[in-house]
């Protein structure tokens, strides 16, 4: 999840953007005659528990029991447009707006003397703007009864988009090459299409007349009356159709690859201070690090429903942004956005820009052939792995000049990567995979890096938190790579923090210094220092380090980052045992996320992030050959299993009145770096290339 | 008319012929699309992720590749069985209910997409081995993938449920299996 279920802005912060854009009370609240209160939000449930957190905020500000409050489905027709549900901003954006709206409603309830909220619409103008300066009651963060959505799921309710069964539902499958630039073999297509039309020989002879085969450029789809027929037809057609592709000759599988040969756009992302001439006593350090392409690897295959009606197109999607999806669908399908309605329905856990938007286009594109009937498009596991955007591979080069052990005179961080964002809703043309493959295609979009103010992309967390007279960050955005990349949890922060925090460890070791003391000596920010100090105390850092030196194969490492340099503070320690492979035995996480709304949700996000990062660090790598991505199932792309999951202790710093900060993406970078540093402590071998497999350790040993 | 497959589903006798493709119907598809039992979900269709597990004669079994005819004469229990066979004294229902309460108590999921399969896997384990060690729980759940990182909560929930189960049934070996 790229989301926090946790935080809340302090009352004195300026008017939140969501409320500025949607000032009316009616944009946020609906009071029904039966006494129920409906709350509108533009944010969506990705598994992070956001709706539960927002419901708690509303309940407290309205002084109402949460069971009387309905979180209304996020739908373009009635919800406030709050952009993407991403970047750990939801409680900050939507939570603050909802709290102000509810505080306003409560004030009007008391002012008018109304018996209940049900009477309010008759007494006041619901379209009045919310006065966001009203003081709100302080938040009661006591333990609550837990998420109602989870209770429903545990009791077998069919609440996922995959479970919707509207009347007359048809089923769609896509037949698409595993590589962006591949072209259908026309001779084979003609033969397959003719056999399909005739339905006389082979498996197609038994297929029902209701099966339709649809082609539009490189987009091929099948419509079936049942899910079983859809799968059966897709399997046969996928076997029979052929695609042709030119080899790309790329090698981006380690730091030695073709990075510098690839066309790139180079920018100085950040420069501060002045470069100094190296003094005679200055020490130079430099190292290259690598992180491979990663899959989102959603547990549920991407899914969407589409229904063309006389009024327009209705779409149900597990997208992170229903308004952005509506805009791009309208662009791609050549219709006004007002005629497209997108409703969010929950999917499997989402950690960034996965295939949700693309499959929604596929559904709409194919459902156009069966107007008046709803159609569900479902990707297969292999589709999911091959077509969902990837988190791009990154190469990092960090160089520094140390004047004394408490002073860097220079720190330079260079990063090579594709852009980390190709989300819908931003470009002049649609960001939807299928719209690039029709007979009249839109251009395939190059992923970009969002601006520094939005947290940056490949450059995220490349500016070090440590004191240095001169800092320079240079980003090389690779262009023309035939692999589709976009945003995944923490974006570039994962690779950059892995590099910078490994580098800090290397320098400390080179200077014979304790890595914790070395960091503390170079950090000015008190909250940064405090999470590290608390972490050290929790794990008894020095004594435990010394103790583990006597245990063969065991090691303890730590790392720190402040997410996006302006978000949550997070320090992580990893204890590992290296046998035939690296096993992470324990992770300790200390985070300062400001004021905490829902402690259990925050702990869950931080721990989930740390475990996902452990999986990235130890196991995950997308493999591809000249023609296709070859990691298309869970055997080829293993993720961390129950028997491999470390114990995780999470400690939240007392947040006081500090503005709340998202928790969902704080642990990814520090966890991977802490594991790499622990491996070094265990073996004395510095592994600079992820994942930290036995082979990678072998290579690092030379 | 296609051959009927007779089996017990959540305590009730079923005799049905698969709609659609004769002879090729898969249990998961029949459960979801023909019988409307949609708590069991498709994750990969390749027996690799564990999302679609159901109990077949008490064993945790992937339903995504299992032909309908293969459950002829067998007892199938899905997560919906926890509610549907209440009061019939079925061990599967009782252990699933205890697991559900434990998962709520531990908030043992983030997205919940795959939880149904894990509840089934944990139920099979506890029915077979009411006092599993941590290693045994982990080994049993190794067939189930979780992308959200909720593993430790899930492990705690299964241990909590196992402890409750032992308390509820002093002599677990005598719990009737049907």
Quiz item: If we count other beta carbons within 10 Å of each Cβ, what is the order of A:263, A:124, fewest first?
Solution: A:263, A:124
Self-check item: Contour minus Cα-Cα distance for residue A:530 and residue A:566 (0.36 nm per residue)
Solution: 11.4 nm
Quiz item: Is chain B rounded, prolate or oblate when judged by the Cα gyration tensor, a ≥ b ≥ c being the square roots of its eigenvalues, rounded requiring a/c under 1.5 and prolate requiring a/b larger than b/c?
Solution: oblate
Exercise. Report, in degrees rounded to the nearest 10, the 0 to 90 angle that the Cα long axis of helix B:91-106 makes with the longest principal axis of chain B.
Key: 50 degrees
Quiz item: Between residue A:189 and residue A:658, what length comes free when the chain is fully extended (0.36 nm per residue of separation minus the Cα-Cα distance, one decimal in nm)?
Solution: 162.7 nm
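Taking a ≥ b ≥ c as the square roots of the eigenvalues of the Cα gyration tensor of segment B:5-78, is the shape rounded (a/c under 1.5), prolate (a/b larger than b/c) or oblate?
Verdict is oblate for segment B:5-78.
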Practice problem: Run through the DSSP bridge list for chain A and note the antiparallel percent, rounded to the nearest 5. | Solution: 75 percent
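Among bridges DSSP assigns within segment B:1-81, what percent are antiparallel (round to 5)?
Just about 85 percent of them are antiparallel.
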Practice problem: Please identify which residues in segment A:399-424 have an amide N closer than 13 Å to a label point set 7 Å out from the Cα of residue A:511, following the Cα→Cβ vector. | Solution: A:400-411
Quiz item: Taking other Cβ within 10 Å of each residue's Cβ, how do A:20, A:564, A:538 sort, fewest first?
Solution: A:20, A:538, A:564
Practice problem: Work out how much length residue A:107 to residue A:276 would gain on full extension: take 0.36 nm times their residue separation and subtract the Cα-Cα distance, in nm to one decimal. | Solution: 54.9 nm
Quiz item: Where Rh is the Kirkwood radius over the Cα pairs of segment A:193-282, the temperature 37 °C and the viscosity 0.692 mPa s, what D in µm²/s does Stokes-Einstein return?
Solution: 173 µm²/s
Quiz item: Of B:118, A:126, how do they rank once you tally other Cβ atoms within 10 Å and put the fewest first?
Solution: A:126, B:118
Exercise. Partner chain Cβ atoms within 10 Å, averaged over the residues of A:461-474 - can you pull that number for me?
Key: 0
Practice problem: Before rounding to the nearest 500, sum -39500 (n - 2.57) across all DSSP H runs of length at least 4 in the protein assembly as shown and divide by the residue total; then give [θ] at 222 nm in deg cm²/dmol. | Solution: -9000 deg cm²/dmol
Quiz item: Roughly how many Å is it from the Cα centre of segment A:83-113 to that of segment A:633-685, as a whole number?
Solution: 32 Å
Quiz prompt | With 10 Å bins from 0: P(r) over segment A:8-119, alpha-carbon pairs, percent | solution = 15, 51, 30, 4, 0
Quiz item: Label residue B:139 and residue A:152 with points 7 Å out from Cα along Cα→Cβ: what is the distance between them in nm?
Solution: 3.9 nm
Quiz item: So which residue, out of B:73, B:117, B:81, gets the largest mean-square fluctuation from a GNM of chain B using Cα contacts under 10 Å as springs?
Solution: B:73
Quiz item: Measuring from label point to label point, each 7 Å out along Cα→Cβ, what is the residue A:453 to residue A:635 span in nm?
Solution: 5.1 nm
Practice problem: Taking 7 Å along the Cα-to-C-beta vector as the label spot, tell me the residue A:626-residue A:198 distance in nanometres, rounded to one decimal. | Solution: 3.5 nm
Practice problem: Return the FRET efficiency for the residue pair residue B:13, residue A:246: r is the Cβ-Cβ distance, R0 is 60 Å, and the value is rounded to the nearest 0.05. | Solution: 0.55
Quiz item: Just how far, in whole angstrom, is segment A:247-261 from segment A:571-598 if you go by their alpha carbon centroids?
Solution: 32 Å
Self-check item: Residues residue A:546 and residue A:268, FRET efficiency given R0 of 35 Å [Cβ-Cβ distance, rounded to 0.05]
Solution: 0.25
Quiz item: Between segment A:178-236 and segment A:436-458, how many Å separate their Cα centres?
Solution: 31 Å
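Rounded if a/c is under 1.5, else prolate if a/b beats b/c, else oblate: with a ≥ b ≥ c from the C-alpha gyration tensor eigenvalues square-rooted, which is segment A:237-391?
Details: a/c = 2.87, a/b = 2.04, b/c = 1.41.
Prolate.
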Self-check item: Å³ per residue enclosed by the Cα convex hull of segment A:520-560
Solution: 69 Å³
Quiz item: Relative to the compact globular guide of 2.2 N^0.38 Å, what is the alpha carbon radius of gyration of the protein assembly as shown, as a ratio?
Solution: 0.95
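Bear in mind these aren't lab numbers, they're just calculated from the coordinates by the rules spelled out. Since this is a predicted model, take the numbers as computed values, not measurements. Counting neighbours? That spans all protein chains shown, and the Cβs are built from the backbone with ideal geometry, glycine included.
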